[in-house]
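What follows is a single structure, written as structure tokens, with notes after it.
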């Protein structure tokens, strides 16, 4: 059996109060989270460097945020519609501090959505919708067990 090749994509739940930032992909019209694929050689560098690069590429240099996770919060299967590629998605959290959101050409819309009550399937498709639901379940379980740091 031939081993499968996967891309790695970093996706960030950018948090503000009790909301996270949801984007819409310009080409597919599907929901997206800030982040993107690793380039060749980036796998050997700290995740935080790539997360910072991706957030600034997709949301602009004025964005000020605090990365909350040194390592991925969780890993999920992610199908990349545009290229038809299978990927492993790595979820991270970051706290929005300040700055205007300036979308890159990849996205045409954004909104801050409620972490707990947002219906993931209303914007996100398939595996990314499942990743959003998984994040929402983590937020809910954190709040059930202790006061949340988010």
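Nothing in this text is a laboratory measurement; each read-out follows from the coordinates by a stated rule. Everything numeric here is computed off the predicted structure, so don't read it as measured data. Methodologically, a virtual Cβ is constructed for each residue, glycine included, from the backbone with ideal geometry; neighbour enumeration extends over all protein chains shown.
Taking only the alpha-carbon positions of the chain and ignoring solvent, what does the Debye formula give for the base-10 log of I(q)/I(0) at q = 0.10, 0.13, 0.16 Å⁻¹? So the normalised log intensities are -0.33, -0.56, -0.86.
For a protection proxy built on the mean count of beta-carbon atoms within 10 angstrom, sort 51-57, 30-36 highest first, please.
Answer by packing, highest mean first, reads 30-36, 51-57.
With contributions of -39500 (n - 2.57) from each DSSP H run of at least four residues, the per-residue ellipticity at 222 nm computed over the chain stands at -7500 deg cm²/dmol. Determine, from the Cβ-Cβ distance of residue 2 and residue 74 and an R0 of 25 Å, the FRET efficiency 1/(1 + (r/R0)^6), rounded to the nearest 0.05. The pair residue 2/residue 74 has a calculated efficiency of 0.35. Note on residue 116 and residue 42: their simple-model spin labels are 3.4 nm apart, each label 7 Å out from Cα toward Cβ. Label-to-label distance for residue 103 and residue 127 is 2.4 nm, based on points extended 7 Å past Cα in the beta-carbon direction. Working from the Cα coordinates of region 13-63, the gyration tensor eigenvalues give, after taking √(5λ), semi-axes of 21, 15, 10 Å in decreasing order. Semi-axes of the equivalent ellipsoid of region 80-150 are 24, 18, 12 Å, computed as sqrt(5λ) over the eigenvalues of the C-alpha gyration tensor in descending order. As a calculated quantity, the FRET efficiency between residue 140 and residue 86 at R0 = 25 Å, using C-beta atoms, amounts to about 0.30.
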